[in-house]
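Step one of this worksheet: look at the structure below.
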Amino acid sequence: MKYHYSVDLETDTPLSVILRNVKPNSKVFEFGPADGYMTEYLKNELKCEVYCLEIDELAAAKAEMFCDKMIIADLNKTEWLEQCKNQFQYFDYLIFADVLEHLVKPEEILGNLTEKLLKDDGKVLISVPHIGHAAVILQLMQGKFEYKETGLLDRTHITFFTRDNLEKLLLSADLSLLELHKICMLPEQTELASSYSMVPSAVEEYLKNKTDAHVYQFVTISEKNKSNKSNVHQDYIEKESFRFANFMQLFWNTGDGFKELNSKRLPLQADGEYHNYAFEFKLDEGDLRSLRLDPTNFPCFANLRSFKVWGMDAITNKLDAIENSNLVAIHDLEIEDQVDGLNLFSFGEDPQLQKDFIHEDLTSYRFFRVQIEMLFETTLKPRLLYSVQKKLEDHKISNDLESLIQMTSYLQSELNASTKLTEDLINAQNEKLECMDQRNKELDLININNKELELEISNLKNSFSWRITSIFRYIRSLFS
């Protein structure tokens, strides 16, 4: 089986984004279900009526137990539609999860299926890989374009997608784009294992700031075009998330609180080195009142060496530095002011720092850039232990039982890991000692046998029979 994934709705992946947009008890047609990893969730958890089409007979045999009807056919052909003529304009959702890139003419197939199978108020859910990812560009700059078994350069991909031709694909299928989800990964995190170290720093900066540079997959939610729009650059909701679990998140508040819609995430590099992180956002309305930085989503020690906020004047386009002090810990976090910056002790999975702009007049700024330089450590540091002990002594967490429980659990997991490592080392050493002991016993036994043999030979040579037969051994040696 070439592709098999597990369904995890807690992490932003194409599968989770698609499944979160399917309403329970709906009628769904899933194209290319593979062995049914998503089909099972649609059927058993969402209680949907599910039709499937799969070209791989072995995969279809596995997925068939989770769907109401399985059709084994090539999606590039249309003869199979005869089997569904009684279900025309019947489905609430058509799902193409990593399928269209394998088709010869995806725009024709998508348009045909949308017209025949989708209800007038139905939705089309699509995920495709992004050929414009920085990892591919970095490979091309090295003169490489190497196909892989899976991923961005899967050798079975026939059509390649960027944002522009994905929008045009939907428009040609007479679909109106409602939401565009960007599932992001850094070049080092992809199967191509590209790195910005391959290129000069100026090129690295250019690529990082390129639109969709880190988009690994696009996920679209669209419906039948009801307004006869002909402009591919239509308005739609755009969302971004990183596929890997460790991330930093910045929220901006314009007066109505911190909302997920007004936030951005960046993946973390928790390798004990300082790294720079840059957030950019634009305010269409309202003024910036405060920022909230969630530095991690896991317990750790970190050092915040620099936190800078810049604003661009809407009239002069001049980038100005904004007052940067007064970061306050508000949740799951203790901070310690040091010469080299702020030490951050994250005790849970939702640590939060807040910065208010009470005295600053930011009405002229529409574009903002937040630059952060941080170091992360996931291992338990002596300073972290010291901080926990200090908190206990000062009774600072007497009213925060949840934080205490979380920290206790974290400490226990670290202790268990250390204990397990120690036990493994002791067991390995014991096994080595047992082997050495057994070898010594075998050597002792060989020595004993050698001594017994030497004694027998000595007794033999001193015996009467040995002496009287010596003349015969001498004669025999003359003829040998």
inquiry  = Could you check segment 337-356 and list, in sequence order, the residues that are out of contact with any Pro (no Cβ under 9 Å at 6 or more places or on another chain), at pLDDT below 85 and either in a strand (DSSP E or B) or over 22 Å from Leu375 (Cβ atoms) (or both)?
reply    = Gln338
request  = Hey, could you check segment 31-45 for residues that are over 20 Å from Ser222 (Cβ atoms) and more than 23 Å from the chain's Cα centre (by Cα) and say which is surrounded by the fewest Cβ atoms within 10 Å (Cβ to Cβ)?
outcome  = Asn44
Scan of segment 9-30 for residues that are part of a strand (DSSP E or B) and buried (at least 23 other Cβ atoms within 10 Å of the Cβ), ordered by number = Val28, Phe29, Glu30
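Given the residues Glu108, Glu149, which is the only one that is modelled with pLDDT under 90 and of a type in the set (Asp, Glu)?
Answer to the selection: Glu149.
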Qualifying residue in segment 200-213 (condition: surrounded by 20 or more Cβ atoms within 10 Å (Cβ to Cβ) and in contact with a helix residue (DSSP H, G or I) (Cβ under 6 Å, 6 or more places away or on another chain)) = no
inquiry  = Among the listed residues Asp56, Asp8, identify the single one that is acidic (Asp, Glu) and at pLDDT 90 or above.
reply    = Asp56
inquiry  = Quick check on segment 224-243: of everything there that is surrounded by 14 or more Cβ atoms within 10 Å (Cβ to Cβ) and closer than 25 Å to Tyr277 by Cα, which residue is modelled with the highest pLDDT?
reply    = Lys239
query = Within segment 79-114, can you find the residues that are among the basic types (Lys, Arg) and farther than 17 Å from Ile158 by Cβ?
reply = Lys85
task = Please work out which one of (1) at pLDDT 85 or above; (2) over 14 Å from Leu186 (Cα atoms) is the condition Gln217 fails and give its number.
result = (2)
key: Contacts under 8 angstrom Cβ, first residue in segment 130-154 being over 17 Å from Glu204 (Cα atoms), partner crowded, with 16+ Cβ neighbours inside 10 Å and among the aromatic types (Phe, Trp, Tyr), 6 or more apart   = His130/Phe161; His130/Tyr216; His130/Phe218; Ile131/Phe161; Leu152/Tyr216
task = Could you tell me which residue of segment 46-69 is surrounded by the most Cβ atoms within 10 Å (Cβ to Cβ), considering only residues that are under 14 Å from Ala97 (Cβ atoms) and among the aliphatic types (A, V, I, L, M)?
result = Val50
ask   = Does Leu42 satisfy the condition of being among the aliphatic types (A, V, I, L, M) and out of contact with any Phe, Trp or Tyr (no Cβ under 9 Å at 6 or more places or on another chain)?
value = no
key: Answer residue from segment 358-369, given it is of a type outside the set (D, E, K, R) and within 34 Å of the chain's Cα centre (by Cα) and is surrounded by the most Cβ atoms within 10 Å (Cβ to Cβ) among those   = Phe368
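Checking the structure you have, find out if any residue of segment 273-294 is in the same structural domain as Arg366 (by TED's automatic domain parsing), at negative phi and modelled with pLDDT under 80.
The answer is no, given that none of the residues of segment 273-294 is in the same structural domain as Arg366 (by TED's automatic domain parsing), at negative phi and modelled with pLDDT under 80.
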query = Do you know which residues across segment 67-92 are part of a strand (DSSP E or B) and within 17 Å of Gly36 (Cβ to Cβ)?
reply = Lys69, Met70, Ile71, Ile72
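The values are calculated or read from the model by the stated rules, or taken from the named source; none is laboratory data. Computed from a predicted model, the values in this text were never measured in an experiment. Please note: Cβ atoms are built from the backbone with ideal geometry, for glycine as well, and neighbour counts cover all protein chains shown.
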